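Report on the structure given below.
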Amino acid sequence: MKTELTISEIQRIVNLIQRVDCLNYALITDTAKELGVKKTALMQYIEDHPKLFKLVEVMKPKPKGLAIQVVYTDANQNPVTEEWLKVQKVMWGGKINVSEMSYYGQHEFYYLKVDDPKDSLREGLWRNTPEKIQKLVDAGAICEKSTCYGGFGDCSNWKGLLLTKEAETAIKGLGWELVYPGNNQR
């Protein structure tokens with residue numbers, strides 16, 4: 001009897017193997033064995049559905065082979081896909097991410113920054129894009145300011161888009177939602 005491979009069953013088995021082995025991956029050979037299929041059949045399934053898997057090569061302490069690190073049930077969940085990027089663009093369309101400056105765990109101030117599109121999650125393409133931040137600057141909602149932060153007798157100079165109460169009010173007045181670290185809303 002031939003076993004029908006499904007993404008939900010592969011995900012279940014990978015998660016169980018990772019828990020049992022206390023590792024963040026499951027070797028394809030082990031996964032195939034648990035699923036009751038040939039390793040080549042599982043590999044073909046992975047190659048037929050590349051957007052649903054994050055693979056890694058396990059080389060230490062000795063070469064063990066290819067492994068599954070993450071199984072996604074939908075391409076929208078995989079941060080390297082265009083599908084995921086489209087979802088993020090829609091979800092963050094009217095939102096601005098707020099960054100926090102802290103000093104030894106003590107909150108100093110909030111600020112805005114342009115995200116880098118080359119970061120691992122490509123935030124600069126969907127979160128604080130250059131275009132979004134420029135719209136806020138052009139509207140006069142926020143501008144570059146200098147401040148000092150620190151304690152215990154030392155002061156570090158900082159320059160950037162400081163989020164003052166006035167800037168916060170202006171940004172919200174333009175229809176933007178501010179998303180604070182840890183989803184803390186002021």
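The values are calculated or read from the model by the stated rules, or taken from the named source; none is laboratory data. Remember, predicted model here, so these are calculated numbers, not experimental data. All Cβ positions, even for glycine, are placed from backbone atoms using ideal geometry, and neighbour counts span all protein chains on display.
A few notes on this one:
- Gly150 of a type outside the set (Asp, Glu), surrounded by 11 or more Cβ atoms within 10 Å (Cβ to Cβ) and either in the same structural domain as Val71 (by TED's automatic domain parsing) or at pLDDT below 95 (or both): yes
- His107, sole failed condition from (1) of a type outside the set (A, V, I, L, M, F, W, C); (2) in a loop (DSSP other than H, G, I, E, B); (3) farther than 26 Å from Asn76 by Cα: (2)
- Residues in the stretch 170-183 that are surrounded by fewer than 11 Cβ atoms within 10 Å (Cβ to Cβ) and either within 24 Å of the chain's Cα centre (by Cα) or in a helix (DSSP H, G or I) (or both): Gly173, Gly182, Asn183.
- Residues (under 20 Å from the mean Cα position of the chain (by Cα), surrounded by fewer than 15 Cβ atoms within 10 Å (Cβ to Cβ) and within 30 Å of Cys143 (Cα to Cα)) located in the stretch 59-112: Lys86, Lys89, Val90, Met91, Gly93, Gly94, Glu100
- Where a residue in the stretch 159-173 is farther than 20 Å from Tyr149 by Cα and assigned by TED's automatic domain parsing to the domain that holds Gly140 and its partner, wherever it lies, is among the polar types (S, T, N, Q) and in a helix (DSSP H, G or I), with Cβ under 6 Å and at least six apart: none
- Failed criterion for Lys135 (all others in (1) part of a strand (DSSP E or B); (2) more than 16 Å from the chain's Cα centre (by Cα); (3) not assigned by TED's automatic domain parsing to the domain that holds Asn24 hold): (1)
- In the stretch 1-24, residue modelled with the lowest pLDDT [restricted to those that are part of a loop (DSSP other than H, G, I, E, B) and farther than 19 Å from Asp74 by Cα]: Met1
- When residues in the stretch 136-147 are screened for being closer than 30 Å to Pro79 by Cα and crowded, with 16+ Cβ neighbours inside 10 Å, 1 of them pass.
- Number of the condition not met by Lys118 [criteria: (1) under 30 Å from Tyr25 (Cα atoms); (2) of a type in the set (Lys, Arg); (3) surrounded by 12 or more Cβ atoms within 10 Å (Cβ to Cβ)]: (3)
- Check on Lys159, touching a strand residue (DSSP E or B) at 6+ places or on another chain (Cβ under 7 Å) and surrounded by 11 or more Cβ atoms within 10 Å (Cβ to Cβ): no
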